[in-house]
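To keep things clear, I will list the structure first and then write my remarks on it.
The values are calculated or read from the model by the stated rules, or taken from the named source; none is laboratory data. All values reported here derive from a predicted model rather than from experimental measurement. Virtual Cβ from ideal backbone geometry, glycine too; neighbours counted across all protein chains shown. For accessibility, only protein heavy atoms count, side chains too; no ligands or nucleic acids. Shrake-Rupley method; radii C 1.70, N 1.55, O 1.52, S 1.80 Å.
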Protein chains: 2
Amino acid sequence: MTLLLKNVRPMGGPVTDILITEGRIADIGPAQAAAETVVDGGNALVMPGLVDAHVHLDKTLWGMTWRGHQAGPTLDDKISTERRLRTEWDLNPERQAEQHIALSAAMGTTSLRSHVDIDTVHGLKGLEGLLAARARYADVMDIEIVAFPQSGLMIRPGTAELLDEALANGADLVGGLDPYGLDRDPKGHLDTIFALADKHTKPIDIHLHEGDELGAVTTEMIVERTLALGMEGKVAISHAFCLGMQDRRRVAGLTEKLARADIAIITSMPPSRPVPVADELRSAGVRVAGASDNVRDTWAPYGNADMLQRAMHIGQRYNWRMDADIEVALDICTYGGAAVLGLREYGLSNGCVADLVLVEAETVAEAVVAAPVRKQVFKRGKLVAANGKALA
Amino acid sequence: MTLLLKNVRPMGGPVTDILITEGRIADIGPAQAAAETVVDGGNALVMPGLVDAHVHLDKTLWGMTWRGHQAGPTLDDKISTERRLRTEWDLNPERQAEQHIALSAAMGTTSLRSHVDIDTVHGLKGLEGLLAARARYADVMDIEIVAFPQSGLMIRPGTAELLDEALANGADLVGGLDPYGLDRDPKGHLDTIFALADKHTKPIDIHLHEGDELGAVTTEMIVERTLALGMEGKVAISHAFCLGMQDRRRVAGLTEKLARADIAIITSMPPSRPVPVADELRSAGVRVAGASDNVRDTWAPYGNADMLQRAMHIGQRYNWRMDADIEVALDICTYGGAAVLGLREYGLSNGCVADLVLVEAETVAEAVVAAPVRKQVFKRGKLVAANGKALA
């Protein structure tokens with residue numbers, strides 16, 4: 001199976017052709033040979049598939065009629081409201097995951113990591129839904145699944161056993177959530193999830209909303225356990241608002257520790273919160289990935305799964321204006337995400353998996369600030385979306 | 001001239017019809033009579049025309065090939081880089097203003113306030129260009145023009161005389177810019193622009209980037225002069241980053257003073273800066289308007305003149321999730337802007353000017369979070385944009 005993608009501009013460079021064989025990039029350069037299928041890119045800019053490192057496929061209301069937000073301002077409000085509405089609104093995880101995957105594909109995302117709620121009310125239903133949706137969309141999207149104790153772990157007995165079961169039944173990572181701020185027992189929480197990770201030889205991705213010094217100490221606890229278990233490179237912290245704290249000297253110390261333990265940071269860059277400073281982290285050698293997080297769900301009505309627009313938000317948040325800086329914003333949503341998800345053979349080189357996005361833009365910077373409709377999206381060399389719509 | 005707009009949902013309410021006579025709303029309700037023209041709104045949500053209270057029509061590079069950002073991080077860098085590139089890149093203010101107006105119309109903006117650079121290098125050329133563009137697009141957009149000393153006033157002798165000339169020749173407001181931070185003589189700067197406003201009986205709109213206590217004192221200076229000259233209701237402060245300062249008690253005092261002097265606040269809500277807290281200001285009775293500010297110019301490569309997306313940014317910045325809160329975000333970009341620009345007969349009632357925007361959305365909140373393509377835009381009852389494209 002060969003596909004010749006003619007007249008495209010890799011990262012906005014000169015016009016060339018890309019030959020794809022068996023789902024991989026076989027050659028970039030003026031086409032030398034015939035191919036079974038030829039697609040004309042019309043001089044579009046081509047970039048590697050966008051990577052969304054933190055979503056909740058099971059939560060989105062995408063495709064449903066409008067539902068006004070009901071939850072109060074605290075984390076507790078959001079958790080209990082969601083657990084209730086999941087039943088009241090008949091939120092089928094499989095159906096909603098498919099809506100999200102199709103939306104993400106339409107936006108040019110070709111790989112993502114999704115958390116899935118595991119709790120004593122809904123058990124493993126969410127995981128089962130996501131596994132079914134993942135199987136159906138295997139040709140469209142690479143998906144990692146995190147077994148996520150959204151309703152708490154130590155405060156909700158039985159959850160640890162469910163996580164254990166989830167990890168034995170298809171979940172790829174262990175999740176965690178605010179070990180002290182929500183779960184009230186940081187030592188118990190972290191010991192439990194690191195033990196599960198160790199038992200199943202699976203990585204960890206922990207939600208850490210804890211702010212300022214609270215999150216800073218929890219970050220140290222995570223670093224200590226990562227080093228003790230030799231889990232360098234296998235742990236990620238999502239949100240990490242504490243890294244946006246005022247005391248930059250304190251943050252510099254944490255950054256050095258994160259780098260030493262090769263712990264990645266995943267951020268959706270919410271404009272209402274302090275956020276990690278991506279370029280400081282990257283300079284210190286910490287992997288940083290961008291993410292959509294909530295997409296129109298009971299947590300937040302915003303979100304559209306557009307990782308190009310997310311790159312724009314990232315650039316604006318850091319006041320990046322030069323082309324070279326805006327390119328970093330896109331890097332966080334492509335190569336940065338790939339490094340966190342551990343995608344092998346990712347990018348625009350011979351041998352890389354042919355996950356490609358075409359947009360009408362002169363430069364990468366223009367693609368980020370304009371976030372134009374995705375003209376074509378290829379997953380392993382197969383067209384999966386065109387003109388902003390998923391084909392599947 | 002009568003137009004019957006059938007099957008629309010005012011602010012997402014029940015389906016009804018809007019009868020428009022001579023550019024004004026004559027009736028909202030099931031159509032009783034025939035009209036010369038009938039348009040089917042297809043059950044779209046209809047809202048009043050969006051208001052963009054702070055743009056720079058003369059600066060945008062919209063419609064030109066991509067130009068990488070060149071200016072350094074300071075205000076001085078941006079000012080001197082722009083003054084240079086204006087010549088090097090042959091930035092024709094009339095041509096660029098027309099590009100911006102067409103873009104804004106396509107996004108559903110029907111009224112805007114634009115600053116125009118007045119300096120000793122380019123003189124009144126910018127004003128002349130904007131006046132020509134405004135005349136050509138008179139049926140599409142209501143435009144207020146602020147004579148703006150972008151390169152400084154006290155530090156650039158001859159500028160005050162040019163502002164005086166601009167106000168005598170079509171500029172509607174006097175502008176100002178960081179009286180101490182940039183212009184180094186706050187007393188001289190403010191005395192000069194208030195004297196010009198007094199002489200020409202025209203309002204004031206001052207750019208105030210000055211942060212924290214610096215901007216706080218300048219705000220007090222502006223309040224004092226407003227009260228002394230009886231200019232209550234005639235002064236606006238754009239940006240006002242100082243109102244985002246940590247010391248909320250200090251801000252509360254300033255807010256009370258702003259309310260007393262009826263000074264309006266205009267904000268584009270930049271995600272990299274502290275920003276005024278809109279609901280606190282509104283609760284105190286201060287008029288607050290939303291704005292695009294820079295749209296792909298030598299100051300910033302971002303921006304698309306989309307005031308629905310701006311409402312989304314405003315909602316996200318303040319962490320507004322409830323429908324009622326998200327409606328406030330839109331209010332800032334509609335009625336809030338209208339109150340700052342002093343638009344009379346604005347809104348969706350009988351007798352109001354028929355500036356209308358139709359979008360496919362169930363509710364106002366959905367219109368804000370999704371910022372869908374503008375299906376139809378009417379200016380004084382005349383169709384000026386459809387399916388996201390300006391007709392002119």
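Legend: residue pairs B:78/B:234; A:187/A:257; B:187/B:257; A:125/A:202, Cα-Cα distance threshold 27 Å; pairs beyond threshold, B:78/B:234. Relative to the other identical copies, residue B:273 shows label-point distances of 2.5 nm, where the label point lies 7 Å from Cα along the Cβ direction and values run shortest first.
Summarised in one figure, the compactness ratio Rg/Rh of the range A:59-191, Cα atoms and Kirkwood Rh, is 0.97. Averaging 1/r over every pair of different alpha carbons in the range A:50-341 and inverting the result gives a Kirkwood radius of 18.8 Å.
In the range A:301-329, the residues whose accessible area drops by at least 50 square angstrom when the other protein chains are added to the isolated chain are A:302, A:316, A:321, A:322; the probe is 1.4 Å and only protein heavy atoms count.
So, with a 1.4 angstrom probe, what is the percent of accessible area on the range B:272-367 that is carbon and sulfur?
On the way: 1290 of 2880 Å².
Of the solvent-accessible surface of the range B:272-367, carbon and sulfur hold 45 percent.
In summary, the aspartates and glutamates within cross-link reach of residue B:389, defined as a Cα separation below 15 angstrom excluding same-chain residues under 8 places away, comprise B:98, B:306.
Enter the Cα centre distance for the pair the range A:189-246 and the range B:1-52, rounded to the nearest angstrom. Result: 56 Å between the Cα centres. Chain A versus the axis that turns it onto chain B: the residue with the nearest Cβ and the distance in whole Å amount to A:271, 2.
For chains B and A, what's the summed buried accessible area, probe 1.4 Å, to the nearest 100 square angstrom?
Numbers: alone 15440 and 15450 Å², together 27870 Å².
Chain pair B/A: roughly 3000 Å² of buried accessible area.
In nanometres and ascending order, the distances from the residue B:165 label point to those of the other copies are 8.2 (point 7 Å from Cα along Cα→Cβ). A simple spin-label model places pseudo-atoms 7 Å from Cα toward Cβ; at residue A:43 and residue A:350 they are separated by 2.8 nm.
Karplus-derived 3J(HN,Hα) values for the range A:40-54, using 6.51 cos²θ - 1.76 cosθ + 1.60 with θ = phi - 60°, are 8, x, x, 6, 5, 6, 10, 10, x, x, 5, 10, 10, 8, 7 Hz; glycine and proline are entered as x. With the label put 7 angstrom out from Cα along the Cα-to-Cβ vector, residue B:11 ends up 5.0 nm from the copy partners, going from closest to farthest. Evaluated with a Cβ-only charge set (Lys, Arg +1; Asp, Glu -1), the range A:50-341 carries a dipole of roughly 280 debye about its Cα centre, given to the nearest 20. Largest GNM mean-square fluctuation across A:273, A:134, A:296, computed for chain A with C-alpha springs under 10 Å, falls on A:273.
The mean sequence separation of alpha-carbon pairs under 8 Å and at least six residues apart, normalised by the residue count of the range B:50-341, gives a relative contact order of 21 percent.
The range B:120-134 and the range A:341-379 have their alpha-carbon centroids 41 Å apart.
Determine which aspartates and glutamates satisfy two conditions relative to residue B:199: a Cα distance under 15 Å, and not lying fewer than 8 residues away in the same chain. Residue B:199 reaches B:161, B:164, B:165, B:172, B:191. Hull volume per residue, based on the alpha-carbon atoms of the range B:230-379 and their convex hull, is 135 Å³. In sequence order, the range A:108-120 has phi-based couplings of x, 7, 10, 9, 8, 10, 10, 7, 9, 5, 10, 8, 7 Hz under the Karplus curve 6.51 cos²θ - 1.76 cosθ + 1.60, θ = phi - 60°, and Gly or Pro positions carry x.
If you put +1 on each Lys and Arg Cβ and -1 on each Asp and Glu Cβ, how big is the dipole of the protein assembly as shown around its Cα centre, in Debye rounded to 20? The partial results should precede the final answer.
Values: 80 positive and 106 negative charges, 120 e Å.
It comes to approximately 580 debye.
Partner lysines whose Cα lies under 20 Å from the Cα of residue A:382, excluding those fewer than 8 positions away in the same chain, are identified as A:6. Of the residues in the range B:347-392, those shielded by at least 10 Å² of accessible area once partner protein chains are present, compared with the chain alone at a 1.4 Å probe, are B:362, B:363, B:366, B:369, B:370.
Projecting the Cα atoms of A:392, A:342, A:219 onto the dipole axis of the protein assembly as shown, where Lys and Arg carry +1 and Asp and Glu carry -1 at the beta carbon, places A:392 farthest toward the positive end.
For residue A:128 and residue A:2, a Förster radius of 45 Å and the Cβ-Cβ distance give a FRET efficiency of 0.75, rounded to the nearest 0.05. Quick one: compute the contact order of the range B:284-380, relative version, from alpha carbon pairs under 8 angstrom and 6+ residues apart, as a percent. Here the relative contact order equals 26 percent. Shown for the range B:237-276: residues covered by the partner protein chains by 40 Å² or more of accessible area relative to the chain by itself (probe radius 1.4 Å), namely B:271, B:272.
For chain B, the longest principal axis of the alpha carbon atoms and the long axis of helix B:159-168 meet at an angle near 30°.
Rounded if a/c is under 1.5, else prolate if a/b is larger than b/c, else oblate: which is the range A:286-334, with a ≥ b ≥ c the root eigenvalues of its Cα gyration tensor? Provide the component values of the computation, followed by the final result.
Details: a/c = 2.65, a/b = 1.97, b/c = 1.34.
Verdict is prolate for the range A:286-334.
Distance between the 7 Å Cα→Cβ label points at residue B:11 and residue B:64: 4.2 nm.
What accessible area per residue comes out for chain A, rounded to a whole number of Å², with a 1.4 Å probe?
Values: 13940 Å² over 392 residues.
On a per-residue basis, 36 Å².
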